[in-house]
Each structure stands twice: as C-alpha cells, then as structure tokens.
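First the structure, in the form of structure tokens, and then the observations on it.
Each reported figure results from applying straightforward, stated rules to the coordinates on display, with no laboratory input. Quick caveat: nothing in here was measured; it's all calculated off a predicted structure. Here the Cβ positions follow ideal geometry from the backbone for every residue, glycine too, while neighbour counts run over all protein chains shown.
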Amino acid sequence: MKTPNLLIALLAAMLMASCGLPEDHVRITGEYTNISDAEFYIYDETGETGIFDTLQIRDGRFTYERPIESPCVLTLLFPNFTELRLVAEPGKEITVKGEASQLMKTDIGGTETNEALTRFRLENGSHPASDQLLAAAEFIRSHASSLAAQAIFMQYFAKAEQFDARTLELIKAMRRAQPANSVLTAYERRMSHVAAMSPGATLPPFTAVDIDGDTVRSSDYGRRPLIVLFWASWSSDSRGYAAALRRCRRAYGKNFDAMTISFDYSVPAARRRAESDSIPKPIVCDGEAFGSPLARTLGMRYVPGLLLVDKNRKIVARDLPSEELYNALGDLLAR
C-alpha cells in the first residue's frame, strides 16, 4: 500500500527538479555536520546589492534562493563570527558542506569560481599571516578578471590598517581586468576618502539625521574632543567599543562629545542594540549600511571603527583598538 505514496513522492521530486533554477536567481544549498538548528547571516558587505538575509539551519541543512541581477561577492557570517566569502551568480547553484567546529574548512563549490576560493582557503589557511598575504596578492594578480580576486581582496586587504602601494596596485590590476565592476570603482574611491581622513586631516562637513529624527551637523562639534564610532548590532566587537565609550563617559564626563553611526539595515535593530549596550546619542542609522553616504564622507574602513577628533576638528587618530581609546582620549584632553 505504500508504493503509490512513494511514486507520488518521486514524481513530485522529479517535477521540482525539472523546474530548474530561474536564470535570474541564485540558490545555495548547505549541509553542516555536528549542528542541528542554528541561524547565520548572508550579506553583501559592499552595500551594492542591499542583500542582508538570515539563513536558517534545520537538522544540519539549509537552502537559500533569491533573485540577483548580476554576479556579486556575498559574505556568510556565522554565530561565532567566522566569515566566509562566496561568489553568487544568476542561474547558478552553490553547494556548501562543512563541519560546525571547523568552519574555515567549509567546502564551497558548485561553480569554478567558488571552488577556486575554497582551494585557496584550504591551502593557505594554516600558513602564517605574512605568507597568506603574499599568496593572496599573487592569487589576485593571476585571477584579476574574476570576482574571486575581489573576494580575496575583501578578505585580506580591504580592511587593512593602511592602504599601501601593494593594495593600490592590486585594485588597479582588478579594475583594468574588470572595468565595469562598480564595486572595485567604489573601493578605489573609498581608498581616496580614507587617505583624506588620515590623522592630521580636518573633519569634513556633513549633515545627517539621527534615529530620533534630529539633524546632526559637523558644525555641532568643535568645542570639545569628539569620538565618532562606527558600529553595528551584528558585530560582536562593537560591544567592546561601546563598553570603552561608557568607560570614557564615566571618567571624563561631558568633557568630550560622541556620535555613533550604525551600519545596520534595520533601524529598529540598531535602536534595540543601542539601548541594551547604552550607546550614547546621537545615533545615525540611515538603513544603507555600507552604502551610507556618511560612511563614504568619513572614510569608514570597517566595523567597528572610530575617529578621534580634537576640539579644532583635526583627526588625531582613527580605528584604535577599543582598549586604547580610554588613554588616547585622556591624552587628548590633557593637551
């Protein structure tokens, strides 16, 4: 009596398979051992596509499908804040297989580009950081026309403390090979903004609206030192900076100003985290995350990050470790 049910199930599976994947969609199917139920994020950290979704793992498996207009690099962010990058392409299916305790050894395949990224990660992940950088630079040069090069650049160079000659050379190599890639153009533009916002530069004019609807202007500051904090609810390291900011406020009172910029796509999520972590106002969150115009104006490199500005609106330090903020502000106030 079970045979008809089995036949129906097989026919249904064949029908689903015959439908295939729409040409303007990407599908990601994943399987992880030693994990039952969990959730993690998939997002476009460049902000170009606005992709920021939650993936649900059920019984060790997940499936994700969405429309995309063109190939792009997406980041998987796991509960322990491990990051893995993959290249999503319209009409392509990506496979993800791994073990929960060894996420960096995850096998991401299904396309040649993602298989190349997996090989690089598995071959170089255990090497010293300096050797990984050399290998990453060589990979970018030899794959300059591929989005795999952009993915490696994002992992190893886009968040560097400083953009050196090698970083600029790699960007130019990719731009020559991918002249229509707007993300690479944006990276080059962002590098120029970051260079313009180095210590010694003057805080540029800006106007923004905070989460309470009030206008925030650069002209509001200039009487006291200022801390500009870049943070997000999904960034665990942001909590350390929030704690450092609270410590500064307890010790130095109202002798300095602070404004914070959330890189959340969800204003309610930013508001909830701000309340739970006692992040001071004004808090700017325009919902554009990494695509925020204010982020470009202030030369934001990564989250979390910060600018330390003196009372003359001169930038004296940027992106200090959270544990150094207290003493750096104290030294500035003592001048």
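Quick notes on this one:
- Estimated FRET transfer efficiency when R0 is 25 angstrom, pair E83-S278 (beta carbons, to 0.05): 0.40
- Packing, as the average of other Cβ atoms within 10 Å across residues, places the peptides 318-325, 29-36, 306-313 in the order 306-313, 318-325, 29-36, highest first.
- Signed unit charges on C-beta, dipole axis of the chain, positive-most listed residue A201, C72, T106: A201
- You can think of it this way: the chain between R246 and E188 has 17.4 nm of extra reach, that is 0.36 nm per residue less the Cα-Cα gap.
- Under 19 Å from a label point set 7 Å out along the Cα-to-Cβ vector of H25, the amide N atoms of segment 89-104 belong to 89-96.
- Between 0 and 90°, nearest 10: helix 322-333 axis offset from the chain longest Cα axis: 20 degrees
- Projected label points at D59 and A165, each 7 Å from Cα along the beta carbon direction, are separated by 5.9 nanometres.
- Under 30 Å of direct C-alpha separation, and excluding same-chain neighbours fewer than eight residues apart, K314 reaches these lysines: K159, K254, K281.
- Per residue, the average separation of C-alpha pairs within less than 8 Å and at least 6 apart gives the chain a relative contact order of 14 percent.
- Top of G213, G125, G60 by mean-square fluctuation, Gaussian network on the chain, Cα under 10 Å: G213
- Radius of gyration and maximum dimension Dmax of the chain, Cα, Å: 22.5, 87
- Helix axis angle, 237-252 relative to the chain longest principal axis, alpha carbon, degrees: 20 degrees
- Folded to 0 to 90 degrees: helix 147-156 orientation relative to the chain principal axis, Cα: 40 degrees
- Estimated [θ] at 222 nm from DSSP helical runs (n ≥ 4, -39500 (n - 2.57)) normalised by residues in the chain, nearest 500: -11500 deg cm²/dmol
- Remark: the Y302-E115 segment gains 64.6 nm on full extension, using 0.36 nm per residue and subtracting the alpha carbon distance.
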